[in-house]
């Protein structure tokens, strides 16, 4: 019989669900109506905005339809804005709206506190090793020679 609890993907998946639920709860407790999916999209755009829908889909490992629905919702909330791409009015870029920009500091602080709790008792070397293993597993699954950065 397959022992799922001995399989690394089980723990990666479980941790992912726990992280999403906890981060979303912490946002809510702090008065921010932001989902884990919206947080992930905001992080991508805080790092490098604007982006096309295709770029956001590729970076988030989600299909374009899912990303479009998410962006639609975030535009309605005032978190993001759509603009025409320079030189190609048919192409749309997604950028941060004023509300999305304003959330970077408070949401990052919430997540930083969460990360500190999650990594309590782990040495910097253990954290680096865990990150390296997860990056290598991701690269293996995606068929890449090096882990994505």
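The values are calculated or read from the model by the stated rules, or taken from the named source; none is laboratory data. It should be emphasised that the depicted structure is a prediction, and the values quoted were computed from it without experimental measurement. Don't worry about glycine lacking a Cβ; one is built from the backbone with ideal geometry, like all the others, and counts go over all protein chains shown.
Of all the listed residues (109, 58), the sole one being part of a helix (DSSP H, G or I) and surrounded by fewer than 13 Cβ atoms within 10 Å (Cβ to Cβ) is 109. Scan segment 74-86 for residues that are exposed (fewer than 15 other Cβ atoms within 10 Å of the Cβ) and either in a helix (DSSP H, G or I) or under 17 Å from the mean Cα position of the chain (by Cα) (or both) and jot them down. Residue satisfying the conditions is 76 alone. Counting the residues of segment 38-54 that are farther than 24 Å from residue 131 by Cβ and out of contact with any helix residue (DSSP H, G or I) (no Cβ under 8 Å at 6 or more places or on another chain) gives 3.
Scanning segment 87-97 turns up no residue that is without any contact (Cβ under 8 Å) to a residue 24 or more places away in the chain and part of a helix (DSSP H, G or I).
Taken over segment 30-55, the residue count meeting the criterion of being assigned to a helix (DSSP H, G or I), within 16 Å of residue 102 (Cα to Cα) and without any contact (Cβ under 8 Å) to a residue 12 or more places away in the chain is 2.
Every residue, every condition in (1) out of contact with any helix residue (DSSP H, G or I) (no Cβ under 9 Å at 6 or more places or on another chain); (2) within 24 Å of residue 131 (Cα to Cα), yes or no:
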{"residue": "2", "(1), (2)": "yes, no"}
{"residue": "17", "(1), (2)": "yes, yes"}
{"residue": "22", "(1), (2)": "no, yes"}
{"residue": "27", "(1), (2)": "no, no"}
{"residue": "30", "(1), (2)": "no, no"}
{"residue": "36", "(1), (2)": "no, yes"}
{"residue": "108", "(1), (2)": "no, yes"}
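Residues considered: 78, 121, 100. Of these, the only one that is under 24 Å from residue 25 (Cβ atoms), touching a strand residue (DSSP E or B) at 6+ places or on another chain (Cβ under 7 Å) and at pLDDT 95 or above is 100.
Applying the condition of being part of a helix (DSSP H, G or I) and exposed (fewer than 13 other Cβ atoms within 10 Å of the Cβ) to segment 137-149 and asking which residue is modelled with the lowest pLDDT yields 142. Every condition in (1) more than 23 Å from residue 9 (Cα to Cα); (2) surrounded by fewer than 13 Cβ atoms within 10 Å (Cβ to Cβ) is met by residue 96 except one, and the failing one is (2). Could you say whether any residue in segment 10-18 is in contact (Cβ under 8 Å) with a residue 60 or more places away in the chain and under 21 Å from residue 139 (Cβ atoms)? Within segment 10-18 (the criterion being in contact (Cβ under 8 Å) with a residue 60 or more places away in the chain and under 21 Å from residue 139 (Cβ atoms)), the answer is yes, since at least one residue qualifies.
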